[in-house]
Amino acid sequence: MMNNAVRLEEKQQAFAELREVKTTLAAKGWFPATSGNLSIRVGDFTPEQFTFAITASGKDKSVNTPSDFLLVDGHGQPAEKTDLKPSAETLIHCEIYRATGCGAIFHVHTVFNNLVSELFWDRKSIPVDGVELIKGFNIWEEEATIEVPILPNYADISRIAVLVKDVILPRVPGIMLRKHGIYAWGANAFEAKRHLEAFEFLFEYVYRLELLKK
Ligand SMILES: CSC[C@@H](O)[C@@H](O)C(=O)COP(=O)(O)O
Ligand SMILES: [Zn+2]
């Protein structure tokens, strides 16, 4: 069990970081119609036991209020006394943390990520070939190629969550849900945001290139 004093400080820091990222991503228009969710892990981690701060469900993520975030455990259950409901997609965060041990996960719905997930659904992954911003994932080889996995967008989130660990690729810090949105993660909020921005740039590039080829 973590020391409570440390826990409170860590919680406050995680909430403050989430607020800052939320405000920045909202300014890009990446939370249309209350969509999207953000989380940052706090404290010790084992795949069996961990805690993270996550956005409350159904909030307008372009607005900051005193009740935007709560702590949950590795099973997605509130880890503190609260009236807030964790994101409807908390179980996906749980499985990404469990599989990767990462420090932060950011999820957004954009038109470009939705379009490419449909365009490449038959392939079950979005190919990106030789674009400089792949280096945003710490992949430094020349003309690197990556594939971003796509999962089905079942209404029952637990059906998606069980698929997560088997599609995660070691060097690609993201998964797409079909016609839904991207989950991007990193060791901390700074890295997760860099990865998210790289994905979104690359998805727009891939979409526009496909159009130009036609
Ligand atoms: C209102 S559309 C978006 C939701 O269905 C969901 O996909 C989403 O990203 C936000 O859900 P939330 O429960 O607020 O975290
Ligand atoms: Zn979503």
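Would you mind pulling out the separation of the Cα centroids of the stretch 168-213 and the stretch 122-147, in Å? When both Cα centres are located, 10 Å separates them. Compared with the dominant principal axis of the Cα atoms in the chain, helix 157-167 is inclined by about 60°.
Toward the positive end of the charge dipole of the chain, about the Cα centre and with charges on Cβ (Lys, Arg +1; Asp, Glu -1), which of Gly101, Gly43, Thr82 goes farthest? Going by the charge dipole, the pick is Thr82. Take the Cα of Arg171, step 7 Å along the line toward its Cβ, and report every residue of the stretch 134-158 whose backbone nitrogen sits under 16 Å from that point. Taking a point 7 Å out along Cα→Cβ of Arg171, the residues of the stretch 134-158 whose backbone N falls under 16 Å are 134-149. Does anyone have the angle between helix 90-100 and the longest principal axis of the chain? Alpha-carbon axes, 0 to 90°, nearest 10? Helix 90-100 and the main axis of the chain meet at about 80 degrees.
Of the residues Ala33, Val128, Phe15, the one whose Cα sits farthest toward the positive end of the charge dipole of the chain, with +1 on the Cβ of Lys and Arg and -1 on the Cβ of Asp and Glu, is Ala33. Normalising the Debye intensity of the stretch 1-77 to I(0), with uniform scatterers on Cα atoms only, and taking log10 at q = 0.11, 0.15, 0.18, 0.20 Å⁻¹ returns -0.29, -0.52, -0.72, -0.85.
Only Cα sites of the chain enter the Debye sum here, all with the same form factor; the resulting log10 I(q)/I(0) across q = 0.07, 0.10 1/Å is -0.20, -0.41, listed in q order.
For Lys179, the aspartates and glutamates whose Cα comes closer than 12 Å to its Cα, not counting residues fewer than 8 places off in the same chain, are Glu118. Label 7 Å along Cα→Cβ of Glu143; the stretch 176-214 residues with amide nitrogen under 20 Å? Within reach of a label on Glu143: 206, 209-210, 213. Taking Cα atoms, how many degrees apart are the long axis of helix 4-27 and the longest axis of the chain, rounded to 10 and kept between 0 and 90? Its long axis makes an angle of about 40 degrees.
Of the accessible area of the stretch 4-213, with the probe set at 1.4 angstrom, what percent is carbon plus sulfur? Each step should come with its number before you reach the end.
Details: 5390 of 10120 Å².
That share works out to 53 percent.
Of the residues Tyr154, Tyr183, the one with the largest accessible area comes first in the ranking Tyr154, Tyr183, computed with a 1.4 Å probe on protein heavy atoms. Relative contact order of the chain: what whole-number percent is it, with Cα pairs under 8 angstrom and at least 6 residues apart? Worked out over the chain, it gives 19 percent.
The values are calculated or read from the model by the stated rules, or taken from the named source; none is laboratory data. Quick caveat: nothing in here was measured; it's all calculated off a predicted structure. Note: ideal-geometry Cβ built from the backbone for every residue, glycine included; neighbour counts use all protein chains shown. All accessible areas refer to the heavy atoms of the entire protein, side chains included, with ligands and DNA or RNA removed. Shrake-Rupley method; radii C 1.70, N 1.55, O 1.52, S 1.80 Å.
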